[in-house]
1. Applying the selection to segment A:11-32, what residues are within 21 Å of residue A:44 (Cβ to Cβ) and buried (at least 23 other Cβ atoms within 10 Å of the Cβ)?
2. Select, from B:154, B:106, the only residue that is under 20 Å from residue A:122 (Cβ atoms) and either assigned to a loop (DSSP other than H, G, I, E, B) or more than 7 Å from chain A (Cβ to nearest Cβ) (or both).
3. Closer than 21 Å to residue B:93 by Cα and open to solvent by less than 30 Å² (accessible area, probe 1.4 Å): does that describe residue A:7?
4. Considering A:152, A:142, which residue is more than 20 Å from residue B:118 (Cα to Cα), out of contact with any His (no Cβ under 9 Å at 6 or more places or on another chain) and polar (S, T, N, Q)?
5. Out of A:137, A:146, A:133, A:124, report the one residue that is assigned to a helix (DSSP H, G or I), of a type in the set (A, V, I, L, M) and more than 25 Å from residue B:182 (Cβ to Cβ).
6. Please state which one of A:23, A:107, A:19, A:70 is within 16 Å of residue B:94 (Cα to Cα) and in contact with a helix residue (DSSP H, G or I) (Cβ under 8 Å, 6 or more places away or on another chain).
7. Would you please list the contacts, defined by Cβ atoms under 8 Å and residues six or more apart or on different chains, that run from a residue in segment B:125-148 that is at the interface with another protein chain (Cβ under 7 Å from one of its Cβ atoms) and buried (at least 24 other Cβ atoms within 10 Å of the Cβ) to a residue that is outside any helix (DSSP H, G or I) and of a type in the set (Val, Ile, Thr)?
8. Test residue A:77 against the criterion of being over 14 Å from residue B:126 (Cβ atoms), more than 7 Å from chain B (Cβ to nearest Cβ) and outside any helix (DSSP H, G or I), and give yes or no.
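The values are calculated or read from the model by the stated rules, or taken from the named source; none is laboratory data. All values derive from a computational prediction rather than experimental measurement. All Cβ positions, even for glycine, are placed from backbone atoms using ideal geometry, and neighbour counts span all protein chains on display. Side chains included, ligands, DNA and RNA excluded: accessible areas come from the protein's heavy atoms. Shrake-Rupley method; radii C 1.70, N 1.55, O 1.52, S 1.80 Å.
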Amino acid sequence: MNAVLELFFHGLVLSLLAVGGAVSTTPDWHRRLVEEGRWLSDAQFASAISISQVSPGPNLLFVPVLGYQVAGLAGAAATMLGTLIPSTSLALLANRWMLARADSPAVLAIKAGLAPITLALLLAAGWLLAAPAPHRASWLLTAACALLAWRTRVHILAMLGAGAVLGLLGWV
Amino acid sequence: MQMSSNESPPVRPRSLGELFTVFTRLALQGFGGVLPVAQRVLCEETRWLSRAEFTETLALAQVLPGPNLCNLALMIGDRYFGLRGAFMALAGMIAVPLIVVLVLAALLAHGADAPWVVDTLRGMGAVSAGLMMGTALKLASGLKHSPLRRIGAALVALAAFLAVVALRLPLWAVIAALGPLSIGLSALLARRP
């Protein structure tokens with residue numbers, strides 16, 4: 001019970017620090033659960049991350065897997081609710097504020113001003129994800145998928161499937 | 001062909017149930033990042049959002065703390081059905097993927113680090129990286145009506161890209177430095193005819 005409450009509390013604290021998405025809190029979770037909490041070994045922490053990577057869905061899902069490893073389903077629920085409640089409340093309030101002033105010059109300027117930054121951050125995230133790739137073939141695959149996603153309607157799962165097969169064959 | 005999905009009239013979700021199933025469907029296709037699938041499904045398949053609306057909602061979801069795509073789902077649901085819609089869209093985004101990931105966690109007590117899994121993930125990672133960049137380039141067409149004009153938007157985007165890729169600045173620092181500048185410039189340029 002104590003562990004579950006503590007997991008919930010960690011989630012609450014880290015929720016509002018997750019600017020840039022859930023992944024940005026990974027080092028904090030590691031510090032709290034592995035270094036300070038001594039609840040998980042490094043190997044267990046790494047396995048939670050790898051399990052969330054093979055699974056579909058938002059990347060926030062490494063958080064409930066960590067909770068599950070510490071305290072079973074109650075732990076998963078505690079970390080998940082803890083992480084979601086503060087950020088979700090704030091997002092709702094901000095959305096209501098924006099919707100109520102949708103046509104005001106200030107809100108229009110906020111949207112227009114942030115839009116190019118958002119797209120650049122997405123581009124940069126893709127760039128950094130591709131950067132450590134070992135061979136030129138990986139870069140070629142990345143570039144081809146960028147072009148296909150930009151210019152065509154080739155199904156995204158088809159591209160991911162092709163990537164999985166090429167990785168399995170050791171070609172990329 | 002590029003423009004067709006962008007210029008079509010807005011469509012809205014018919015029910016809370018549809019909101020849930022659409023977000024579940026897109027979340028379950030999101031390996032290594034849900035955003036490219038979300039853009040496809042929301043702008044091109046369901047046509048609930050134009051590219052510009054998608055980018056604006058994503059921008060707000062990104063500057064706020066919390067998982068970006070969950071924030072995005074919440075905001076879209078809220079827009080159409082209020083609080084119930086917000087929670088339904090969020091539930092669609094996480095409920096079924098949460099079950100999947102917990103079943104995997106129970107089955108794979110030692111993690112997913114077999115060599116063949118690592119190889120597969122590396123290949124999918126190369127694809128995900130490309131999907132993210134391709135999606136960003138596609139969404140850039142939505143900026144053509146920006147008060148910043150194409151050139152202003154391109155300069156702001158270039159500065160943000162270099163701040164992350166070359167200077168390795170953390171995301172909050174990039175937003176804190178360039179956000180006010182870009183917003184101020186938009187406000188200034190919007191006043192001119």
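1. Across segment A:11-32, the qualifying residues are A:11, A:14, A:22, A:25, A:29.
2. Checking each option against the conditions leaves just B:154.
3. no
4. A:152
5. None of the other options fit; the residue is A:137.
6. A:23
7. Note: pairs meeting the criteria are B:126/A:172.
8. no
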